[in-house]
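To keep things clear, I will list the structure first and then write my remarks on it.
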Amino acid sequence: MSKKQLNQNDKINQNLIDTFEPDFNFNNKPINRLKISNSDKAKDILNKAERLSNLKKEINSIENCNLKNNSKNLMLGDGNVNSPIMLIGEAPGLEEDLSNLVFQGEVGKLLKKMLLAINIKIENVYLSYSVNFRPPEDRKPTAQEINRYSKFLKEHISIIDPKMIILMGSTAMESLTGINNKISSERGNWKEIIIKNKTYPLMITFSPSYLIRFPENKKYSWADLKKIRQRIKDLNIKI
């Protein structure tokens, strides 16, 4: 008997459902009507799951795309959909494309260490990419490809609705902000992006894959991470 394969939609939906559980309290205290109930949280999570599923279908309907035609899997996102932090990388690599999982191998290990350095567990963050398919030979996406997928990225952000965004790498920077300068001149400063009339603070920093190739720049990433930690504290974000 062959083992049933779960598609990514099944995985997303199950991961989302697993993020909540019933919590029943029986006491004589007055009911706080302003507190978000577990049923409301469940509805919100399932609504996001449906919207993410629709977004994935829309992305997968793209035609005449060199990225899509040379990839095995569409990489949407993974992690806590109700996280206050959305971390956006550049594009999936070979390991991600083969495993259908985000931020794998040495890149994933380094990212996990970077987040733990500011007391954040990677499973508490929502992880995604600016381009949803692996570029051939892991090349940098072209400006046309980046622009083509940027509308999907903005919709993705609107669905997750985080309190802050971390952009890792020049492709992520260009996709969301339109800036195509050297990332070294843009990283480390808080910026803002408006999506559907809502303002999101964002930090641009180096990608883990870049830091693996150029470890001498880790000191700059550490400076960026400390600014992120401070903003989390200033905004009283729980993560």
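The values are calculated or read from the model by the stated rules, or taken from the named source; none is laboratory data. Keep in mind that this is a model prediction, so the values were computed, not measured. Note that we place each Cβ from the backbone using ideal geometry, even for glycine, and neighbour counts take in every protein chain shown.
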* Flag for L111 being part of a helix (DSSP H, G or I) and among the aliphatic types (A, V, I, L, M) -> yes
* Asked: Does E96 fit the bill of being under 12 Å from the mean Cα position of the chain (by Cα) and assigned to a helix (DSSP H, G or I)?
  -> no
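Do you know which residues across region 175-221 are of a type in the set (D, E), surrounded by fewer than 16 Cβ atoms within 10 Å (Cβ to Cβ) and either in contact (Cβ under 8 Å) with a residue 12 or more places away in the chain or not in a strand (DSSP E or B) (or both)? Please lay out each step first, then the result.
So the first thing to find is which residues in region 175-221 are of a type in the set (D, E), and the list is 186, 192, 216.
Filter once more, so that each one left must be surrounded by fewer than 16 Cβ atoms within 10 Å (Cβ to Cβ): 192, 216.
Passing the criteria: only E216.
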* Which numbered condition trips up R229, out of (1) free of Cβ contacts under 8 Å to residues at least 60 places away in the same chain; (2) closer than 17 Å to S83 by Cα; (3) of a type outside the set (A, V, I, L, M, F, W, C)? -> (1)
* Quick check: anything in region 57-75 part of a loop (DSSP other than H, G, I, E, B), touching a strand residue (DSSP E or B) at 6+ places or on another chain (Cβ under 7 Å) and either buried (at least 19 other Cβ atoms within 10 Å of the Cβ) or modelled with pLDDT of 50 or more (or both)? -> yes
* Asked: Quick check: is even one residue across region 141-153 at positive phi and crowded, with 16+ Cβ neighbours inside 10 Å?
  -> no
* If you check V102 against the conditions, is it crowded, with 19+ Cβ neighbours inside 10 Å and outside any helix (DSSP H, G or I)? -> yes
